[in-house]
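Shown next, in structure tokens, is the structure this report addresses.
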Amino acid sequence: MKSMITILFLFSCCFFYHPTLNAATYFVGKNKPFSSIKQALQHCKNGDTIIVETGLYKEGEIIIDKAVILKGNGQPVLDGNHQYQIITVKADYVSIDGFKLQHSGKSDVNDIAAIKVFNANYVTISNNIIDDAFWGILLQKSNHCTVINNRLKAYSNESNSGNGIHCWKGDSLIIANNTITGHRDGIYFEFVTNSIIQNNISEKNLRYGLHFMFSHNDTYISNRFQQNGSGVAVMYSHGVKMENNSFIENWGDGAYGLLLKEITDSYIYHNRFLRNTIGIHAEGTTRIKVEKNIFSNNGWAMRVQASCSDNNILYNNFQGNTFDIATNGSLMLNKFDHNYWDKYEGYDLNKDNIGDVPYRPVSLFSMIVERNPSAMMLFRSFMVTLFDKTEKVLPGIIPENLKDNFPLMKPLAL
Amino acid sequence: MKKIFKYVTADILRNKIVLAYTLLLMVISFSLFMLQDDASKGMLSLLNITLLIVPLTSIIFSAIYVYNSAEFIELLVSQPLKRKSIWLSLFYGLAAALSIAFFVGAGIPIIIYQPTSTGIIMIITGIVLSVIFVAIALLAAVLTRDKAKGIGITIMIWLFFALIFDGLILFILFQFEDYPLDKFMIFTSAFNPVDLCRILILLQMDVSALMGYTGAIFKDFFGSHVGSVVAGFVLLLWVIIPLWLSTRKFQKKDL
Amino acid sequence: MIIASNLTKQFGKLSALDNVSVNFTKGECIALMGPNGSGKTTLIKCILGMVVPDSGFITFNDKNILHNWQYRQHIGYMPQIGRYPENMTIGQVISMIKDIRSAYNKSFDEELIESFGLNEILKKRMRTLSGGTRQKVSASLAFLFHSDVLILDEPTAGLDPVASEILKEKIKTKIKNGKLVIITSHILSDLDELATQVIYMQDGKLRFHKNINELRNETGQQKLAKAIVSLMHNHSA
């Protein structure tokens, strides 16, 4: 009973103080009460709304330290004049919606962003266009924030560009429906937990489309990472769930559709890895499950280093890859079963759609290339084909227990 | 010149072996495409055909044709004709007939099932290899009078380009593992038209893998405009040099 | 018309021609004789430009034939063994050769084609033909162009007597018309009726080059065969 009263009390307190109560609305623009956002901010209090009309606003750095809703009407432009951080948020419950933020300052010393949220919770940033910013949206030590429906585009080279959506220390964030192009890393997480990254498109960023480390128990759903300098890198995390994402055309020396480094207890399900130099590169990963993914037309569908153990690679389609699996060791402690391999040449006498002889996804030549990359030039030559066939029949060099004991005869419908 | 070319081509096209070769290519190509669920898998098998069967057929057929045409060549030489035009017509006729055979036998199935850039490059390299190996066959045939010896030599040439050359390269690669050999590899590929054509197809088929590692060097070189022009030029040299040598030899040859 | 000077040709160790000089003039029929391997065919091939001599030169109408090919428009050549593209028909072969020489000759002498009866079998493929029919084709081709010079290598070998007669008659008319005819043959009786001059070769050397009447007088033999035998006998004696 006592706890009930406490809850009621707390609830009514919330109700009383809730920012939307007693809220006023201020208008900014030509022929409006306020001609600048800064003026309006001075007058408003927690819970108020500021509506900014179409126009170009060059106000230097706008610091929001009250719980206000800042709303653009007709995508007004906030210009940082290549000098300033455009908006700094220092209060909880701030919402920034419908602006175009352009030309932020750049600096080698400070992380100047279009929107920086520092030590503030429940902040919402939505429907903004961020153009030519140094860093795009920067969340530091902030929890329960939502970044949704923003479009970020940058134009610089790697030495003087920042990340698109950068989160450092946070919890329960939602990053959804954003498009990020031309930044250093599209989405960057460090020490961010229990967050959801969904439906974002991160493409043509200079380094990684998605880059995170020490960020546990996050979920990544239906994102597309395409043509990023080095693909996607995820490191030193556990409880990662990646589902229905696309990793496409991440090409280059050291480019990965998905780089997994020291990842444990994670689930990679129903993703598409198309035309990457390396689909998944796994290093020191433990107990991850890679299930029902499509690996198609990659240089290497997967490179599984010998430091990986207890991983299960099951029910995936491997089609049109130059090499299916590569590895650098001779011992293999991972399971590759029930996958469809288009290079499988076995037979299925009992017609149960499972090949009667195991498939060895590592080819001799991939081991040769592993040792001597220049040998790649000889790929698909008659000699190499002969080598591979011989090795498949009489394995001597490829890892003895790296095999799919139940290779599927037909691709899975994924 | 045009006239002799016309007659040589007509003669070769009537040859049952060329017809059989065309049909064989066609049966193989169509069955490869129809038996595989995945057209790109069919392309893989066709790649081996292009890189092995096409040079082999071109070089052996051309050599045999030249040896068998000795009397016909004599007849032509006794006519008021330039020897050079007789020889070049023979080359053009063989090159045209074998290219057409490849195009009809393998090119058309490729166009039907795989009209991609990979397919186009495959057709082009198939034709280029046909022409190159005709030129090499003519050189071998003009240098050796004995038919059996000449055909033996052409088979050795084919074996060298198809297998031995690559074996030597692999051997060198592992002997000098500690040295950067990528530029050297690009350089050596110029000495084997089969390798050069294979790399051009790899650039289409396995571009993702070639982008990785040092493979990017191949992509950077052969993928660039300069690189493709150089590759095309080298392939052209593979036609021109044997053809030029054999023409020179034929002009002085006693029949 | 054709002058060969100091022709020498080695095939490996074999000396096919050893310092041979001859002079052929218009209106003559030259019988080129000698045992197998004496260099007759090599000499013919040198004249046709099919074999390039190691030393010496040949002029045709006072022009060196080296690097020249147009002079062959004046020559009709019948090879010893006529082989043609196997898949072509007789008609195709004839029209091909006509086509090739059409730049030089517009009118054709098709008499032999008719008299050999090739007209009726124009559609036959070359590979199906007998040796004799091939010879007929070769002969027809050689006479097709009203050529000033006819070079016939064993023309009557393999021909049936009727065809052989037809061919001989044809050669005779040509000689009458003032053409130069060079014939090699083993069948010396054929040459009896035709030859005006005799060349005898042995081991690549020119043994003699004589007018036929001179030869007959010298040896007292009417038959060429006997004349040769007697001459050879005298030489070796």
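Determine how large the accessible area of A:Y269 is when every protein chain is in place; take a 1.4 Å probe and give Å² rounded to the nearest 10. We get 60 Å² for A:Y269. Measuring nothing but how far apart in sequence close Cα pairs (under 8 Å, 6+ apart) lie, relative to its length, the stretch C:79-230 scores a relative contact order of 19 percent.
Between A:V192 and A:K169, A:G170, A:S215, A:H216, the built amide H atoms are under 5 Å apart, and every one of these is 5 or more places off in sequence or on another chain. Once all protein chains are placed together, A:H103 keeps about 50 Å² accessible to a 1.4 angstrom probe. Using R0 = 25 Å, the C-beta based FRET efficiency linking B:V234 and B:I172 works out to 0.80. With the whole protein complex present, A:R184 retains an accessible surface near 50 Å², based on a 1.4 Å probe.
Cross-link pairs exceeding 25 Å between alpha carbons, from the set A:K289/A:K392; B:K147/B:K249; A:K292/A:K403; B:K6/C:K170; C:K13/C:K45; A:K403/B:K183: A:K289/A:K392; B:K6/C:K170; A:K403/B:K183. Distant-in-sequence amide contacts of A:E59, defined by a placed amide H-H separation under 5 Å and a gap of 5 or more residues or a different chain, comprise A:D79. Summary value for the stretch B:2-252: 26 percent relative contact order, contacts being C-alpha pairs under 8 angstrom separated by 6+ residues. A simple spin-label model places pseudo-atoms 7 Å from Cα toward Cβ; at A:V109 and B:M156 they are separated by 7.7 nm.
Counted as membrane-span-like here are DSSP H helices of chain A whose alpha-carbon atoms extend 18 Å or more along the helix's own axis and whose Kyte-Doolittle mean is 0.5 or above; these are A:2-17.
Antiparallel beta bridges, as assigned by DSSP with both residues in the stretch A:298-376, represent about 0 percent of the total such bridges.
The alpha carbons of the stretch A:133-279 stretch over 35, 35, 24 Å along the principal axes, in descending order. Mind running the shape call on the stretch A:1-229? Use the C-alpha gyration tensor, a ≥ b ≥ c as the square roots of the eigenvalues: rounded below 1.5 for a/c, prolate if a/b tops b/c, oblate otherwise. Note, shape of the stretch A:1-229 comes out oblate. The calculated FRET efficiency for C:N64 paired with C:D160, based on their beta-carbon distance and R0 = 56 Å, is about 0.85. Note on A:N328 and C:N6: their simple-model spin labels are 7.9 nm apart, each label 7 Å out from Cα toward Cβ. Computed as a quarter of the hull surface, the mean projected area of the alpha carbon convex hull for the stretch B:2-252 stands at 14.6 nm². Full extension of the chain between A:L349 and A:N127 yields a length gain of 74.1 nm, computed as 0.36 nm times the residue separation minus the alpha carbon distance. Taking a point 7 Å from the Cα of C:S55 along the Cα-to-Cβ direction, the residues of the stretch C:206-230 with backbone N closer than 20 Å to it are C:206-207.
I'd like to know which of A:Y220, A:L274, A:I313 lies farthest towards the positive end of the charge dipole of the stretch A:214-350, counting +1 on Cβ of Lys and Arg and -1 on Cβ of Asp and Glu. The residue sitting most towards the positive pole is A:Y220.
For chain A, the Kirkwood estimate of hydrodynamic radius, built from reciprocal distances between every pair of different alpha carbons, is 23.5 Å.
Between the helical axis of B:2-14 and the longest alpha-carbon principal axis of chain B there is an angle of about 70 degrees. For the pair A:N73 and B:D38, a Förster radius of 56 Å applied to the C-beta separation gives a FRET efficiency near 0.55, rounded to the nearest 0.05. Report the residues of the stretch A:339-377 in range of a label on A:V393: point 7 Å along Cα→C-beta, backbone N strictly under 15 Å from it. Output list for this probe position: A:345-346. Decide, for the protein assembly as shown, between rounded, prolate and oblate: order the square roots of the alpha carbon gyration tensor eigenvalues as a ≥ b ≥ c, take rounded if a/c falls under 1.5, and otherwise choose prolate if a/b is larger than b/c, else oblate. The shape class here is prolate. Taken along the Cα-to-beta-carbon direction at a fixed 7 Å, the label points for C:S130 and B:I124 span 5.7 nm. Judged by the gyration tensor of its Cα atoms, with axes a ≥ b ≥ c, the stretch C:129-237 is prolate; a/c meets the 1.5 cut and a/b is the larger of a/b and b/c.
The values are calculated or read from the model by the stated rules, or taken from the named source; none is laboratory data. Since we're looking at a predicted model, the values are computed, not measured. Please note: Cβ atoms are built from the backbone with ideal geometry, for glycine as well, and neighbour counts cover all protein chains shown. These accessible areas exclude ligands, DNA and RNA; they are computed on the full protein's heavy atoms, side chains included. Shrake-Rupley method; radii C 1.70, N 1.55, O 1.52, S 1.80 Å.
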